[in-house]
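What follows is calculated from the coordinates using simple rules that are stated; it is not laboratory data. Values in this document were obtained by computation on a predicted structure and should not be read as measured data. Don't worry about glycine lacking a Cβ; one is built from the backbone with ideal geometry, like all the others, and counts go over all protein chains shown.
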Amino acid sequence: MVIFLVSTWGDGEPTRDADSFYEYINDIKHPSNLLKNLKYSVFGLGDRRYELFNQMGIDTDKALQKLGGQRLLELMMADAEYGTTMQDF
């Protein structure tokens with residue numbers, strides 16, 4: 001089981017540290033069952049002032065599902081403007 005904590009940078013892009021991860025999971029050469037044994041949840045960090053709020057979290061969740069991962073919890077998204085913690089979910 002894995003919890004992915006991901007942040008969106010700029011206008012919907014992954015952070016610099018997550019670029020290679022983002023490219024890897026979105027590579028169309030992967031078979032649809034690559035992550036069939038993965039149970040995961042995604043927690044996105046973003047800022048509602050941007051048009052593509054939490055896009056990295058949304059894209060990560062979709063890519064993991066496309067690769068056969070089994071989502072444990074619905075995608076959770078936090079806004080930088082609010083003091084929301086995971087306990088609030």
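For region 1-41, the C-alpha radius of gyration divided by 2.2 N^0.38 Å, with N the number of residues, is 1.31.
For the chain, the longest principal axis of the Cα atoms and the long axis of helix 55-66 meet at an angle of about 20 degrees.
Rounded to whole numbers, the Karplus 3J(HN,Hα) couplings from phi for region 19-29 are 3, 5, 4, 4, 4, 4, 6, 9, 6, 6, 6 Hz, using 6.51 cos²θ - 1.76 cosθ + 1.60 with θ = phi - 60°, and x at Gly and Pro.
Using equal-weight Cα scatterers in the Debye expression, the normalised intensity of the chain in log10 at q = 0.13 Å⁻¹ is -0.41. If you take all other residues with their beta carbon under 11 Å from the beta carbon of Met77, and give Lys and Arg +1 and Asp and Glu -1, the sum is -3.
Amide H contacts for Trp9 (H built 1.01 Å from N in the peptide plane; partners 5 or more residues away or on another chain; cut-off under 5 Å): Thr15.
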